[in-house]
Amino acid sequence: MDGDPTFVVIAAFNEAGMLGHVLDDLERTCPRAHIVVVDDCSTDETYRVAECRPVHLLHHVANLGQGAALKTGIDHALAQGAEIIVTFDADGQMSASDVARIVAPVASGDHDVALGTRFGGVAPVGMTRSRQMLLRLALIFSRVTSRSPFTDVHNGFRAFNRKAAEAISLTQDRMAHASEITDEILRLGLRWTEVPVTINYSDYSRKKGQPVLGALDIVSDLFWGPKR
């Protein structure tokens, strides 16, 4: 394996409008990292946007959900020899300049997992009231059901060392995978930390984002949804 043993995994579904900018930014900022894009059976030009760039490109023949796409990407990264795996969104909300900061606590050997948080001193840009409500509901649910100590359960910006990535059992195909990951961190006794990251809510990402009622879907998936 050439370059950095860090792999950045991106689940993408109908993200042709932003994915190119995200990949170009990552390539400029993290030129030695390996980027894995999992096209979750998009119906737009997502696959074509990714195939024009130097990435590991995987494709689901059916739309399975973000959790399943991340699982596919993480498994591929592990098979390719990844030592650190970063999960990163395709909609442009996250900043590639934060990758080094979220990787640092894991690369140092001090932690197994670093979790991005929107509430660690870096105020999210453009966050709507409905988004704030959704995140608050997710946080309350996690603290009631699992006594979760985390401040931002559904932040998709994370870094795992190889040990953590191999140990975490990811069975939720859709958005409930985020709660599952934090539950697994606690169950396995992994060493974790939170890292403040910049989240920028553009018009594009707000249109693509999870609606407030999506919190009910997450709860439903966690308790009654199908699992792999």
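The values are calculated or read from the model by the stated rules, or taken from the named source; none is laboratory data. Since the structure is predicted, the reported quantities are computational estimates derived from the model, not experimental observations. Cβ sites come from the backbone with ideal geometry, for glycine too, and all protein chains shown count toward neighbours.
Filtered by the rule that a residue be touching a helix residue (DSSP H, G or I) at 6+ places or on another chain (Cβ under 6 Å) and of a type outside the set (Gly, Ala, Ser), region 173-197 gives Asp173, Arg174, Met175, His177, Asp183, Leu188, Leu190, Trp192, Thr193, Val195, Val197. Restricting the search to helices (runs of 4 or more DSSP H) fully inside region 25-125 and requiring at least 3 residues that are at pLDDT 95 or above and aliphatic (A, V, I, L, M) gives 66-79, 99-107. For the structure I just gave you, tell me whether Pro5 is surrounded by fewer than 23 Cβ atoms within 10 Å (Cβ to Cβ) and modelled with pLDDT under 95. Judged against the criteria, Pro5 is a match. Among the residues of region 6-25, not a single one is in contact with a strand residue (DSSP E or B) (Cβ under 6 Å, 6 or more places away or on another chain), among the β-branched types (Val, Ile, Thr) and free of Cβ contacts under 8 Å to residues at least 40 places away in the same chain. Of all residues in region 187-202 being touching a strand residue (DSSP E or B) at 6+ places or on another chain (Cβ under 9 Å) and of a type in the set (D, E, K, R), which is farthest from Asn161 (Cα to Cα)? By that ranking, first place goes to Glu194.
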